[in-house]
1. Less than 26 Å apart at the alpha-carbon level, and either on another chain or at least 8 residues along: which lysines does that give for K80?
2. Whole-Hz ³J(HN,Hα) for each residue in region 178-188, computed from phi via Karplus 6.51 cos²θ - 1.76 cosθ + 1.60 with θ = phi - 60°, x for glycine and proline: what do you get?
3. Using a simple spin-label model with points 7 Å from Cα along the Cα→Cβ vector, what separation in nm is obtained for E42 and I83?
4. At 7 Å along Cα-to-Cβ for each site, give me the label-to-label distance between V184 and Q110 in nm.
5. Can you compute 3J(HN,Hα) from phi for each residue in region 214-228, using the Karplus curve 6.51 cos²θ - 1.76 cosθ + 1.60 with θ = phi - 60°, rounded to whole Hz and x for Gly and Pro?
6. Give me the net charge of T202's neighbourhood, meaning all other residues with Cβ under 11 Å from the Cβ of T202; Lys, Arg count +1, Asp, Glu -1.
7. So, by mean Cβ neighbours within 10 angstrom, what's the order for 33-44, 163-174, 71-82 with the highest one leading?
8. Starting from region 91-183, pick out the trypsin sites (Lys or Arg not before Pro) whose DSSP state is loop and whose Cβ has at most 16 other Cβ atoms within 10 Å.
Amino acid sequence: MNQNLPQKLDPESLNQLPKEKLVEIIIEQSKVIRELQKIIFELQQEIERLKVSSDDFSVYNGYQVVAQQKCLAHLRRHFKKLIILPGLHNQAIGKAFVDLIDEAFTNYAQWFETLDSTSYNDWVNQFKSKLQQTLNQWIDLAGAKAGNLLRSLRDKASQWWYFLDYPEVPPDNNQAERSLRLAVTKRKVSGGSRSMDRFKHTAHLLTVVQTCRRQSRSVIDFFAQALLANSNNYLSVPSLLPKY
């Protein structure tokens, strides 16, 4: 625990203290409370600065976003829930779009393995047409829940299907979520960082660790090279940027 926090005293002990000591304890506690309030305020400001909209909420919001790929895995879960939700045409709409999303994942996986852009682009042209036809078929017949999803697909098509034109961007954020798992585990075990500086240091270290893992590089070797380069101006600083 923080050593600056005042010692916890029971009521019986407090009753035995002289008034001067009680006043001293009250002043000490007031200082700690003000410091905690300052830290909370700073954390709230940092949270606001770092805040991003989740994929689930982005389905319905109107944020202007450029060059974003929303997570199709999240969207698929929404349509899966729609299949079992009572309502007008929910089952048919849910099944139709789950099938489309599954087709998209299958063909993207094939492109990722083969990098055959010609076959992929041929499929993309057919898929876009099928997607638009399915959307036109159901959007005016959908109930409230399905309608929200379909209007999002219509109005934010460039964000839901960005990967169709730019397959180097994956259609889901599964890899990102797996990369964050180490940070989440550390937070659960250690209780998180006790200052924003330590939070940033931890974020930088975990970024290096996960990036090295993603690139099949040795984390220890990277840190060793970075430390040597930092102490020797003749050595080049190692980079985490991928090499193509």
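What follows draws every value from the coordinates through simple rules; no lab data is involved. Predicted, not measured: the structure shown is a model, and the values here were computed from it. Heads up, the Cβs are rebuilt from the backbone with ideal geometry, glycines too, and the neighbour counts pull from every protein chain shown.
1. K70, K95, K128, K130, K145, K156
2. Per-residue couplings from phi come out as 5, 5, 7, 4, 4, 5, 5, 5, 4, 5, 5 Hz.
3. Roughly 5.0 nm, to one decimal.
4. Each label point is offset 7 Å from its Cα along the Cβ direction, giving 3.2 nm.
5. Here the 3J(HN,Hα) series is 4, 9, 6, 10, 6, 5, 4, 5, 5, 5, 4, 5, 5, 5, 5 Hz.
6. Charge balance near T202 sits at +4.
7. Going from most to least packed, we get 71-82, 163-174, 33-44.
8. In loop regions of region 91-183 (DSSP not H, G, I, E or B), there are no sparsely surrounded trypsin sites (Lys or Arg not before Pro).
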